[in-house]
Amino acid sequence: MAIVCFIPFLMMLVNATRSNEAILSGFTLVPGSSLVENYTTMMEYVNIWSGFKNSLIISVLTTLLSGYFSALTAYGFAFYTFKGKNFLFVFMLVMMMVPGQLGLIGFYELSKNLGILDSFIPLIVPAIASPFVVFFLRQYIQTTLHPSLIEAARIDGASEFKIFHTVAIPIMMPAVATMSIFTFIGSWNNYIMPLVILFSPEKYTLPVLMGFLKGSQVAQNLGSMYLGIAISVVPIMIAFLFLSKYIVNSISAGSIKE
């Protein structure tokens with residue numbers, strides 16, 4: 001199964017080094033010698049590294065902020081009692097069922113009135129509030145963090161934020177890392193929102209540039225297309241390699257014995 005899943009990536013990498021004629025002639029595992037030519041052709045139409053930088057800035061900030069504030073919100077829902085708690089949690093679950101595209105026009109008008117169009121702010125700040133991430137982290141922390149750990153920290157004189165940072169966050173890290181992978185991939189592959197919000201070509205993200213690349217004359221050069229796709233996939237693979245170890249770890253296992 002691993003080999004079957006790896007074949008499309010291998011085809012993409014090999015075809016990125018082959019000429020258009022070689023790709024049309026059939027598939028081979030032997031890399032070609034047209035990598036530089038494909039790269040030159042691609043760069044004549046789009047500055048893919050500018051889009052790479054923009055996507056990286058947006059995705060990294062979204063992932064970090066979403067992970068932290070979602071963990072903070074989930075911790076509050078799990079271990080604090082306040083008025084309207086159940087209503088807010090149910091409302092958050094309902095928001096999970098509403099497609100984001102339904103509010104696209106309203107979001108555009110709101111961004112226009114706030115004067116934040118053609119900037120990264122509308123692409124980063126709203127993504128911090130992720131109902132699914134909050135729901136997932138709340139369910140996770142309720143099963144892994146025992147209230148006695150929190151009470152022990154309070155008896156030792158720790159503040160609420162210190163308890164969150166020193167007790168809750170380390171235990172939640174496997175779940176936060178898992179959600180961070182999906183958050184990063186979702187932000188990196190986001191196409192429709194940057195297409196609507198951004199107007200300046202130097203601020204375009206990588207998916208938007210890839211869309212323009214597909215509609216330009218460079219689309220006739222399949223090698224250049226494969227090369228652009230390969231460049232866009234690399235950060236996702238790197239993010240998974242660095243964060244995947246947290247998925248299989250449970251650093252809170254055995255911390256509490258009934």
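Below, the figures for the structure above:
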quantity: Degrees between helix 104-114 axis and first principal axis of the chain (Cα, 0 to 90, nearest 10); calculated: 80 degrees
quantity: Test item: Cα-centred dipole of the chain, Lys/Arg +1 and Asp/Glu -1 on Cβ, debye; calculated: 440 debye
quantity: Whole-percent carbon and sulfur share, accessible surface of the chain, 1.4 Å; calculated: 70 percent
quantity: Given charges at Cβ of Lys, Arg, Asp, Glu: the chain dipole, positive-most of Val134, Asn47, Asn190; calculated: Val134
quantity: Qualifying chymotrypsin sites (Phe, Trp or Tyr not before Pro) in the stretch 1-66, DSSP loop, other Cβ atoms within 10 Å at most 15; calculated: Phe27
quantity: Whole-number accessible area per residue in Å² for the chain, which is evaluated in the context of all protein chains at 1.4 Å; calculated: 57 Å²
quantity: Unit charges at the beta carbon, dipole of the stretch 1-145: most positive-side option, Leu117, Phe9, Leu35; calculated: Leu117
quantity: Count of Lys pairs (Cα-Cα under 22 Å; at least 8 positions apart or interchain) in the chain; calculated: 4
quantity: Choice from Gly84, Gly76, Gly103 with maximal GNM fluctuation in the chain (Cα, 10 Å cutoff); calculated: Gly84
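The values are calculated or read from the model by the stated rules, or taken from the named source; none is laboratory data. A quick note: this is a predicted structure, and the numbers were derived from the prediction, not measured. Positions of Cβ are backbone-derived with ideal geometry, glycine not excepted, and every protein chain shown enters the neighbour counts. Heavy atoms of the whole protein, side chains included, go into the accessibility calculation; ligands, DNA and RNA do not. Shrake-Rupley method; radii C 1.70, N 1.55, O 1.52, S 1.80 Å.
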